[in-house]
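Readers should treat all values here as calculations from the given coordinates under stated rules, not as data from a laboratory. All figures in this text were calculated on a predicted structure; none of them were measured in a lab. Glycine also receives a Cβ, built like all others from the backbone with ideal geometry; neighbour counts cover every protein chain displayed.
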Amino acid sequence: MTPHEIGALLAYIGRLDPRLSRADTGEARDQIAQWHELLGDVPPATAHGWDARVTARDHILDSPYPIMPVDIARKWRVYRRDRLQRHTDPLPSASPDDQAAWAAELRGTRLAVATGVAAPTRHRELTGSEFEPERQGRLREIGSCIPPHIREALSPYRPARAAREAAIAQGQPDVLGVRCEHCHAEVNEPCRSRRLGLDGQPRANAPRSTPHPSRVDLAATQQVQQSVMACPALFP
């Protein structure tokens, strides 16, 4: 923001919070210089979700303390970081043999995204349309994205997953299909051994080779409930 834009922002903030109004010309000039030192590289607004006035207004609504220029600067840094984390570099149009032009185009694209000039680019291949009808039929026939012979070949390298799939095939409950109430392991995650120190704080969090008994009981109970709902005539 230029000093003129910062002056306009301070005038807007002064109407919402009179504590920041400066009647003296010298004090107002010093205030603009102070804010410009921290907000010189922050734009007043962008076409993709950033507006310094909205940030200032939200701070005034949420905080009892007067807004400082560092509050807006920190919000701007969070905005930049969030946009870059959601951005995937598109393939530059420059020749890969011209390393300087290639790197310059990447830097320019990232700068445009970070400053709100351009929207982040995502992997369309990962979030595109649905499978083709032919692939959908094949997936229904196989039942999984991994064919059975490939799954069998991978079993020596994935013993825990192989044991889980074998247990399910034999009609046993899927223990990892439920959340463990003891160690709070999420679905599809192994149970963990939590050790507490003398101060009561956890000191270890190593995965267990076997699930907790309470998780096994919960999985068996859920399996029975699902069987009852699927075939109520078999359970009078």
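Scan the chain and hand back the longest stretch that contains none of the GluC sites (Glu not before Pro) lying in DSSP loops with at most 10 other Cβ atoms within 10 Å.
In the chain, the maximal stretch lacking such sites is 1-124.
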* **Contour minus Cα-Cα distance for Thr88 and Ala167 (0.36 nm per residue)** => 24.4 nm
* **Amide N of the stretch 73-102 lying under 14 Å from the label point, which is placed 7 angstrom from the Cα of Glu37 along Cα→Cβ** => none
* If you average the sequence gap of Cα pairs under 8 Å that are 6 or more apart and divide by the length of the chain, what percent do you get for the contact order? -> 11 percent
* To do: May I ask for the net charge around Trp50, where only other residues with Cβ less than 12 Å from the Cβ of Trp50 are counted and Lys, Arg are +1 while Asp, Glu are -1?
  => +3
* Report, in debye and to the nearest 20, how large the dipole of the chain comes out about its Cα centre when Lys and Arg carry +1 and Asp and Glu carry -1 on their Cβ. => 620 debye
* Ser144-Ser214 FRET efficiency (beta carbon distance; Förster radius 25 Å; 0.05 resolution) -> 0.25
* To do: Please check which bits of the stretch 170-200 a label hung off Thr221 would reach, taking the label as a point 7 Å along Cα-to-C-beta and the cut-off as backbone N under 20 Å.
  => 172-189, 191-192
* Cα extents of the chain along the three principal axes, largest first (Å) -> 86, 58, 42
* Evaluate E = 1/(1 + (r/R0)^6) for Arg158 and Gln136, where r is the Cβ-Cβ distance and R0 equals 30 Å; express this FRET efficiency to the nearest 0.05. => 0.70
